[in-house]
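Notes to accompany the following structure.
The values are calculated or read from the model by the stated rules, or taken from the named source; none is laboratory data. In this text, all values refer to a predicted model and were calculated from it rather than measured experimentally. Glycine also receives a Cβ, built like all others from the backbone with ideal geometry; neighbour counts cover every protein chain displayed.
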Amino acid sequence: MGWTAGYLEGPFSSKAAIDFEFGERFTDRVLATARYGTVIYAAVEAADSDDVFGLVLLAERRDGVLFTKSINENAGPPHDGCPARILDLLTPASSECAQRWRERCRVRLARDRPRRGQKIVFGRPIDFSDGSQHSCLVFEGGSRFRSDDGVRYEVPSWTSLEYHLMDK
């Protein structure tokens, strides 16, 4: 599927993006949403049954233009950051792709999260714009890290990388 684009009047919210992509009748069936940057996760009641399915909507607004792309859980979205509160609303999966997507989301949720000051060892070294490479960094919170020599780095999508935590 391709992208949809058009002007969005008013604030850019999860509801506005879903309404833009699907229309108000669809939006009325949305039970809950969560937005992380340009990715929106939603639990949606099916129109013709009591089933509740997962939806991933990519949405970005630039210069007043909203760009959206929807990915039904049955298409096996690559984005697995869906929170538990959305996953818990879904009824049994209707396809193997949907089940695998839900499992990937649950595995991500079950991963150990670092505490501030804890070292993280990544499965592969990360290349940074200053020319350095690091596979072991100290977690400072959010997406902020520092190397052993004190240089601070941003690793925006670090939770999608393979890593393990070192004991403090």
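Within segment 85-98, does at least one residue satisfy the condition of being on the phi > 0 side of the Ramachandran plot and either assigned to a loop (DSSP other than H, G, I, E, B) or not small (G, A, S) (or both)? No, segment 85-98 contains no residue that is on the phi > 0 side of the Ramachandran plot and either assigned to a loop (DSSP other than H, G, I, E, B) or not small (G, A, S) (or both).
In this structure, E103 does not satisfy being of a type in the set (D, E), part of a strand (DSSP E or B) and either out of contact with any Pro (no Cβ under 7 Å at 6 or more places or on another chain) or farther than 19 Å from S13 by Cβ (or both). The condition of being among the aliphatic types (A, V, I, L, M), within 12 Å of the chain's Cα centre (by Cα) and within 29 Å of A5 (Cβ to Cβ) holds for only one of V52, V44, V56, V65, that being V56.
Inside segment 1-34, residues that are in contact (Cβ under 8 Å) with a residue 40 or more places away in the chain, in a loop (DSSP other than H, G, I, E, B) and closer than 18 Å to R61 by Cα make up a count of 4. Of the residues making up segment 122-134, those that are loosely packed, with under 13 Cβ neighbours inside 10 Å and either part of a strand (DSSP E or B) or in contact with an Asp or Glu (Cβ under 8 Å, 6 or more places away or on another chain) (or both) are G123, R124, P125, D127, Q133. Taken together, the residues in segment 28-47 that are polar (S, T, N, Q) and at pLDDT below 95 amount to 1. Filtering segment 51-78 to residues that are in a helix (DSSP H, G or I) and either hydrophobic (A, V, I, L, M, F, W, C) or out of contact with any Gly (no Cβ under 8 Å at 6 or more places or on another chain) (or both) leaves N74, A75.
Residue-by-condition table, conditions (1) in a helix (DSSP H, G or I); (2) under 30 Å from F53 (Cβ atoms); (3) in contact (Cβ under 8 Å) with a residue 40 or more places away in the chain; (4) more than 18 Å from the chain's Cα centre (by Cα):
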residue: L109; (1), (2), (3), (4): yes, yes, no, no
residue: P114; (1), (2), (3), (4): no, no, yes, yes
residue: C136; (1), (2), (3), (4): no, no, no, yes
residue: E140; (1), (2), (3), (4): no, no, no, yes
residue: Y153; (1), (2), (3), (4): no, no, no, yes
